[in-house]
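Asker: Right, I'll just put the structure down here and ask away after.
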4 protein chains.
Amino acid sequence: MLGCGRIGQVHALTIRRLDDVRVTAVADVFPEAAQSLADRIGAQAMDPDAVLASAKVDAVVIATPTDTHYDLIHAAARAGKAIFCEKPVDMSADRIRDCIAVVEETGVPFMTAFNRRFDPNFASLQARIRAGEIGQVELVTIMSRDPSPPPISYIQRSGGIFRDMMIHDFDMARFLLGEEPVQIFAVGSALVDPEIGAAGDVDTAAVTLTTSSGAICQITNSRRAVYGYDQRVEVHGAGGMLRAGNVLENTVELATGAGFRSAPTRHFFLERYEAAYRAEVVHFIEAVAGGTTVSPDVQDGLAAQLLADAAAESLTTGKPVAL
Amino acid sequence: MLGCGRIGQVHALTIRRLDDVRVTAVADVFPEAAQSLADRIGAQAMDPDAVLASAKVDAVVIATPTDTHYDLIHAAARAGKAIFCEKPVDMSADRIRDCIAVVEETGVPFMTAFNRRFDPNFASLQARIRAGEIGQVELVTIMSRDPSPPPISYIQRSGGIFRDMMIHDFDMARFLLGEEPVQIFAVGSALVDPEIGAAGDVDTAAVTLTTSSGAICQITNSRRAVYGYDQRVEVHGAGGMLRAGNVLENTVELATGAGFRSAPTRHFFLERYEAAYRAEVVHFIEAVAGGTTVSPDVQDGLAAQLLADAAAESLTTGKPVAL
Amino acid sequence: MLGCGRIGQVHALTIRRLDDVRVTAVADVFPEAAQSLADRIGAQAMDPDAVLASAKVDAVVIATPTDTHYDLIHAAARAGKAIFCEKPVDMSADRIRDCIAVVEETGVPFMTAFNRRFDPNFASLQARIRAGEIGQVELVTIMSRDPSPPPISYIQRSGGIFRDMMIHDFDMARFLLGEEPVQIFAVGSALVDPEIGAAGDVDTAAVTLTTSSGAICQITNSRRAVYGYDQRVEVHGAGGMLRAGNVLENTVELATGAGFRSAPTRHFFLERYEAAYRAEVVHFIEAVAGGTTVSPDVQDGLAAQLLADAAAESLTTGKPVAL
Amino acid sequence: MLGCGRIGQVHALTIRRLDDVRVTAVADVFPEAAQSLADRIGAQAMDPDAVLASAKVDAVVIATPTDTHYDLIHAAARAGKAIFCEKPVDMSADRIRDCIAVVEETGVPFMTAFNRRFDPNFASLQARIRAGEIGQVELVTIMSRDPSPPPISYIQRSGGIFRDMMIHDFDMARFLLGEEPVQIFAVGSALVDPEIGAAGDVDTAAVTLTTSSGAICQITNSRRAVYGYDQRVEVHGAGGMLRAGNVLENTVELATGAGFRSAPTRHFFLERYEAAYRAEVVHFIEAVAGGTTVSPDVQDGLAAQLLADAAAESLTTGKPVAL
């Protein structure tokens, strides 16, 4: 476990609950963070080089800040370790291409952690599209809204809404469409917080993707949703529609003179995607152990990043961008 | 149209909108009420005897107070008019039996206006049971709640909750079960308004019916539902469940930090059952015009009344009553 | 009633059910159509000139083919009649401007029949936005899908999907946004039927509108929805979200091993918008009778047409169009 | 951990995931079962006497067959261990009274594992009743249906549907009503499987409870629900209604010409009540560690058993039973 921050802890605690797999070593630039997590899960705190040198380590989870991914990926690949890497792989498409090169050269399994593909709802929906339940996909709508914006300091270095937030939806779009977009058009506004606009970003954005078959995908993002984390997809095909709705906090409904009121959606992303975090780690471990294909892979990481880059360009130029 | 009160007006205005049928004459003990409705729909105000004597009248709608039904049914049947009679046919089962006798003797079509059978939701549900979608019926749950209690003066002469309110549910139970109950058990309390208790009635009641095949039906009634008119049925069979939910005022949903809020149910029974009132009148007219069977008929009126009587007996004695 | 086709009949039968207003005269290029409707509602069949010359006529409903609107509007306005005109007012924005001129010059009330504004669900939703329930509008999503495409012959002369179908959504967008779009971008494909593509139109389309305040509106249209007429809007504001869902055929739900199945949406637009057709006619009549403002008016008819024209231009050029 | 069968494993794996608490010792009449679980969670397999004698054991989970509870409760209480006991405490009310005596005499904390009180949905609903959201409770409806019946061998020794299945609902009724029932009436039929009838039991049952305040509770049970585990409660009060619906397998919905289809409910009780199993164990551990009150306690175990006994009597005699 490289990186013992919030997402590193999530993965470590998830793995602790699995049979037949152990987190043997953890590393973090803050030694106390590494030690604290090591104590909690019964692992050993080491420095990253020692982790990569350890013969007891078959695979690494890279959960460090994005700007450290590049070097760790290269080192881990050269050490022959299977790699589970948090998204984004890197902020630069060119550097991701470098990572692809080393991964291909060394032949190590590499998984880009687009966790939403492993959400049981979205995973089931996509499997049913592939199984032909609604025929050829014609129109995809993806709506993602966070309960509230992150700190401005985060936005200033995140690469903006397309790279830190909508990147999940770009991956989801590719996952659901089953083909590559050929054009993207983006609009956006800073409506939630003027400081976001002052930081050069938008907090409300809408994107239209088109594919060579003529399928269309609309994505909307907002940094605000007072009723909780809002994550929905809807896919229309020739034979019908499949959609996956929100996960509510509970099933309780209150009826009064004002009508029927159900619970808000789950607010916290770790709770909303708890099952997805477990499933993606299980998928990675099973694939590495069984020698089967890991997905989404490093190419998927690049493809989503390229869409985010193109969306940012479209927002800036005011024109559609060909892909 | 015999009786120009609220329900008489509903039927008259419904018929006015139909092609190929007209309300030619209206009567009411208050001549102004008759004249007012006559003016509104282009009919002639007459006294009831004249209506029944008119050769232009093929059928009568009896929408007068319950204690006048008996005489009007006898007179209309002897005049050879088809009869559409508001429920209850009469407060006394013996007097309903007299009505059955005259209807059978004269052979006139007779419809007891249990409008809920004609609600598109309940009608569709029942048709799907009969079509075998859930197999043999095992368990029926019927919930009916009025938005607020009627005046005490009404309760004092209505025969009580089983005869003025749950009678609809008894008919619905027979409609859905497809067989006759053989036992009934009732409990009830005056929780909504102590004056209802002082008047010798209850305002919250629960009944259990059992049939000879072993099917069970639970019915609950309350004189209060702050969220609007509440009318639901749920039917379990060997192969699954069919249920029909409430009709909301509109489809608008509001999401805030408190959750998702949809509209209350339709509050007013005339609005809630608008389609049912139309469909029951159309059924009657088509059956009379086409010489086909009218349903629910006068026997159904008696059967529901006998269940109401037995429920009242069970409440009084505290014991189940065999039917 | 000028025009006795399908929509003319809808309006005529609606008016017949109202108190205090009558369709006195009907006209159609097919005299038998006019006579048939006249007989059904108790009106007189005339030629259009006679209708406009009649002193008994206060207002006209123009429900004739679009290419006849221009002349009828001019004639009716000069005859001092209030005008209820089916959409689109005209296929040409310039000709609509001529109509605006004659309406303003003569001062006659003029209503453009965008019926969806009068749907109880959408009307309630919009009123609640205006009442401030969700604060400032940030993002609007409108989805409209017809059960199946119209005949190719219709598409060939309708002006295309933006002018014959999405025009309703353009009006809805303006209604919900409460401000004018300043930019539009459109994409579209012929996925439902290649003949539609051969006719130079698309059958699946997505549009993005932006306003000067930064609000965004996404609209999708498809000529196909196997589950019935699909008409939804969703509006996000700073304080929450309001949405209006589909109207199902009934409330019955079936539970089996495959899950829970509810009814499809209402398939037929006349049934889906029955309440809206009534409410828009009532609004027009009350406004004309009471001397109050008619809305949507002729300017609204022009505004929607200009959006449709710009969408078509964007689809052709592949670029966003400034408005 | 006394008992290493299915439910014992559930509790052991749940505890393994908690911080600050450990399963130190496990026991089972089948040594291999104990050893297997011990290996899986890092505990020691012992015989029950050794467990109770161990100074390292603060509390025991009794998850053995019902007929062994009595002796283990006595031994554990005398050994001063806090007790978490699976329901039912015992099949005989008199023997439960003996258990109460020893628990009171020794003063050990004792929790009866009615897990459904800890389901987040039902727990939230009950807390909101107690918080006064719907005022005084008037009517409670509880529906519980298992996906399919247990083996006949289980039914033959379970004490019947009221004692092995509806006992959960009796506890839920008391939990929601907030007062004790004073009368019970039960009906039932063997409709699912005639062998169940031949074994002297019913598989479809309905019960009506009444309280001294006049509140009414209706419970239905069935051994069959093809659409999955069906567990719903609905509570009406003077000020409105609170209900908790089913937990579906996922949020995916399919729309086709047949309508809208959502997933079935979760089929397996361990999955349906996963969160409840965790919450009840956490409650017990926190109460024992913190010296706070454990609930539901041994008296709650008795109260539910007495209701089950009375329901069985009512079914046999055909009469309501006073409590």
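Asker: Under a plain spin-label model, where a point goes 7 Å from the Cα along Cα-to-Cβ, how far apart in nm are A:Ala55 and D:Lys319?
Answerer: 8.3
Asker: Any chance you could list P(r) for the stretch A:59-182, counting all Cα-Cα pairs in 10 angstrom bins from zero, rounded to whole %?
Answerer: P(r) over the stretch A:59-182, rounded to whole percents: 11, 35, 33, 19, 2.
Asker: Taking chain B as a Gaussian network, Cα atoms linked when under 10 Å apart, which of B:Phe260, B:Phe268, B:Phe30 shows the biggest mean-square fluctuation?
Answerer: Evaluated over chain B, the most mobile residue of the options is B:Phe260.
Asker: How far apart are the D:Asp297 label points across copies, placing each 7 Å from Cα toward Cβ, in nm, shortest first?
Answerer: When each copy's label point is compared with this one, the spacings are 6.3, 6.4, 7.5 nm.
Asker: Return the lysines within reach of C:Lys56: Cα separation strictly under 16 angstrom, same-chain partners fewer than 8 residues apart disregarded; answer none if there are no such residues.
Answerer: C:Lys81
Asker: Something else now. How far apart, in nm, are the 7 Å Cα→Cβ label points at C:Thr292 and D:His267?
Answerer: A separation of 5.8 nm, rounded to one decimal place.
Asker: Further, regarding this structure: Using C-alpha positions alone, give me the convex hull volume of the stretch A:153-200 per residue in cubic angstrom.
Answerer: On the way: hull volume 4.2 nm³, N = 48.
So the per-residue Cα hull volume is 88 Å³.
Asker: Here's a follow-up. Treating the angle as unsigned and between 0 and 90°, give the value, to the nearest 10°, between the Cα long axis of helix B:274-290 and the longest Cα principal axis of chain B.
Answerer: 50
Asker: For chain D, what is the per residue volume of the convex hull drawn over the alpha-carbon atoms, in cubic angstrom? Intermediate results must be reported in sequence, preceding the final value.
Answerer: Numbers: hull volume 50.5 nm³, N = 323.
So the per-residue Cα hull volume is 156 Å³.
Asker: Find the relative contact order for the stretch A:131-248 and round it to a whole percent, using C-alpha pairs within less than 8 Å whose residues are 6+ positions apart.
Answerer: Numbers: 233 pairs, mean separation 50.0, N = 118.
Averaging sequence separation for qualifying contacts and normalising by length gives 42 percent for the stretch A:131-248.
Asker: State to the nearest 20 debye the size of the charge dipole of chain A about its Cα centre, where the only charges are +1 on K and R beta carbons and -1 on D and E beta carbons.
Answerer: 620
Asker: Among D:Phe170, D:Phe175, what is the fewest-to-most ranking by other Cβ atoms within 10 Å? Display every interim value, and only then the final one.
Answerer: On the way: D:Phe170 28, D:Phe175 22.
So the ranking, lowest neighbour count to highest, is D:Phe175, D:Phe170.
Asker: Summing Lys, Arg as +1 and Asp, Glu as -1, what charge do residues with Cβ under 12 Å from the Cβ of A:Val252 carry, A:Val252 excluded?
Answerer: Working: positive: A:Arg261, D:Arg128, D:Arg232, D:Arg243; negative: A:Glu249, A:Glu253, D:Asp119, D:Glu133, D:Glu234.
Around A:Val252, the charge tally is -1.
Asker: I need the shape label for the stretch D:141-286. Rule: rounded when a/c is under 1.5, else prolate if a/b > b/c, else oblate, with a, b, c from the alpha carbon gyration tensor. Each step should come with its number before you reach the end.
Answerer: On the way: a/c = 1.39, a/b = 1.08, b/c = 1.29.
Judged from the Cα gyration tensor, the stretch D:141-286 comes out rounded (a/c under 1.5).
Asker: When the helices in the protein assembly as shown are scored as -39500 (n - 2.57) per DSSP H run of 4 or longer and the sum is shared across all residues, what 222 nm value do you end up with, to the nearest 500 deg cm²/dmol? Please report the intermediate quantities before stating the final value.
Answerer: On the way: 52 runs with 528 residues, N = 1292.
Mean residue ellipticity, 222 nm, calculated: -12000 deg cm²/dmol.
Asker: Specify whether the C-alpha gyration tensor of the stretch C:263-316 places it in the rounded, prolate or oblate class, a ≥ b ≥ c being the square roots of the eigenvalues: rounded for a/c under 1.5, otherwise prolate if a/b is larger than b/c and oblate if not. Mind showing how you got there, number by number?
Answerer: Values: a/c = 5.26, a/b = 1.16, b/c = 4.53.
Oblate.
Asker: Here's a follow-up. Need one value for C:221-230: mean number of C-beta atoms belonging to other chains within 10 Å of its residues' C-beta atoms. Display every interim value, and only then the final one.
Answerer: On the way: counts 1, 5, 0, 6, 5, 12, 10, 4, 0, 3.
If you average over the peptide's residues, the count of other-chain Cβ atoms is 5.
Asker: Another question, then. Give the lysines reachable from D:Lys319 as a straight Cα distance under 21 Å; neighbours fewer than 8 places away on the same chain don't count.
Answerer: B:Lys319
Asker: What is the order of C:Glu133, D:Glu234, fewest Cβ neighbours within 10 Å to most? Numbers along the way, then the final one.
Answerer: Numbers: C:Glu133 17, D:Glu234 22.
Arranged by neighbour count, lowest to highest, C:Glu133, D:Glu234 become C:Glu133, D:Glu234.
Asker: Put a point 7 Å out from Cα along the line to Cβ at B:Pro194; what are the distances to that point in the other copies, in nm, shortest first?
Answerer: List, nearest first: 5.6, 6.0, 8.1 nm.
Asker: Could you work out how far helix B:31-41 tilts from the main Cα principal axis of chain B, as a 0 to 90 degree angle to the nearest 10?
Answerer: Result, in degrees: 90.
Asker: Using only the alpha-carbon atoms, how far is helix C:93-106 inclined from the longest principal axis of chain C? Give it as 0 to 90 degrees, nearest 10.
Answerer: 50
Asker: Taking +1 at the Cβ of each Lys and Arg and -1 at the Cβ of each Asp and Glu, which of B:Gly291, B:Ala312, B:Ser262 sits farthest along the dipole of the stretch B:259-323 towards its positive end, judged by Cα position relative to the Cα centre?
Answerer: Looking along the dipole axis, the top candidate is B:Ser262.
Asker: Let me ask something else about it. Could you run the Debye sum over the Cα atoms of the protein assembly as shown, one equal point scatterer each and no solvent, and tell me log10 of I(q)/I(0) at q = 0.05 Å⁻¹, two decimals?
Answerer: Each listed q corresponds, in turn, to -0.45.
Asker: For the stretch B:1-97, what size does the Cα cloud have along each of its three principal axes, sorted from largest down, in whole Å?
Answerer: In descending order, the Cα extents are 38, 26, 24 Å.
Asker: Separate question: Sort shortest first the distances from D:Gly318 to its counterpart in every other copy, using label points 7 Å along the Cα-to-beta-carbon line, and give them in nm.
Answerer: Going from nearest to farthest copy, the values are 2.0, 8.4, 8.7 nm.
Asker: List the relative contact order of chain D as a percent without decimals, with contacts defined as Cα pairs under 8 Å and 6+ residues apart. Could you put the intermediate results ahead of the total?
Answerer: Working: 620 pairs, mean separation 63.8, N = 323.
Averaging sequence separation for qualifying contacts and normalising by length gives 20 percent for chain D.
The numbers here are math on the coordinates, done by the rules we state, and not lab data. Please read all numbers here as calculations on a predicted model, not as lab measurements. Cβ coordinates were reconstructed from backbone atoms using ideal geometry, including for glycine residues, and neighbour counts include every protein chain displayed.
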